[in-house]
Amino acid sequence: MLVRAALEADLPAILAIHNANIATSTAIWDYEQVGIEERTAWFHDRAAARKPILVAEIDGAVAGYASYGQWRPKIGYRYSVENSVYVDERFHRRGVASALLRALIERARADGDVHAIIAAIETSNTASIALHERFGFTVVGQLPEVGQKFGRWLDLTLMQLTIPVDIR
């Protein structure tokens, strides 16, 4: 497995993974699938903000992707980001999510401008919660029934990993 910076050429595979999660999971709380234009804009927005998008590649195929972006738009939150990790279902249980999250955390530490990495996870997604716990994230909050999808209310678990950053 190779974990590397995403290229614009990876966007069709990233789009397919993203849309599969919209259609079949509560990992993304959207109902409507998106087009390549939306993912291209997202890609360029992340690049302009100097926020990483990583892909895991197995045998030449994009097996998953991960990224982080600004947690909230106010300047006071500039050291806080929200991460996302998504894996193509054909590559589940092969260590892809762990490799991506590890690389994302390493990137945050190396960049030196990330103090808090926040994961907002639908509470029944125990695999994602366990993944984040393995990397040192702790549960910092639970928000009951703040969303809905597939005809049911969804709870949100907030997890955080804090990285020491000198803000002087």
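The values are calculated or read from the model by the stated rules, or taken from the named source; none is laboratory data. A quick note: this is a predicted structure, and the numbers were derived from the prediction, not measured. Cβ placement follows ideal geometry from the backbone for every residue including glycine, while neighbour counts extend to all protein chains displayed.
Figures for the structure shown
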item	result
Where residue 89 falls short, out of the listed (1) touching a residue at least 40 places away in the same chain (Cβ under 8 Å); (2) buried (at least 19 other Cβ atoms within 10 Å of the Cβ); (3) closer than 24 Å to residue 123 by Cβ	(2)
Whichever residue in segment 4-20 is farther than 14 Å from residue 67 by Cα and under 16 Å from the mean Cα position of the chain (by Cα) and, among such residues, is surrounded by the fewest Cβ atoms within 10 Å (Cβ to Cβ)	16
Top-ranked residue in segment 111-153 [being at pLDDT below 95 and either within 18 Å of residue 53 (Cβ to Cβ) or in contact with a strand residue (DSSP E or B) (Cβ under 8 Å, 6 or more places away or on another chain) (or both); ranked as surrounded by the fewest Cβ atoms within 10 Å (Cβ to Cβ)]	113
Matching residues, segment 26-54, being in contact (Cβ under 8 Å) with a residue 12 or more places away in the chain, in contact with an Asp or Glu (Cβ under 9 Å, 6 or more places away or on another chain) and not in a loop (DSSP other than H, G, I, E, B)	40, 43, 53
In segment 113-133, the residues that are in contact with a Ser or Thr (Cβ under 7 Å, 6 or more places away or on another chain) and assigned to a helix (DSSP H, G or I)	129, 131
Segment 62-80, residues that are assigned to a loop (DSSP other than H, G, I, E, B) and either at pLDDT 95 or above or charged (D, E, K, R) (or both)	71, 72, 74, 78, 79
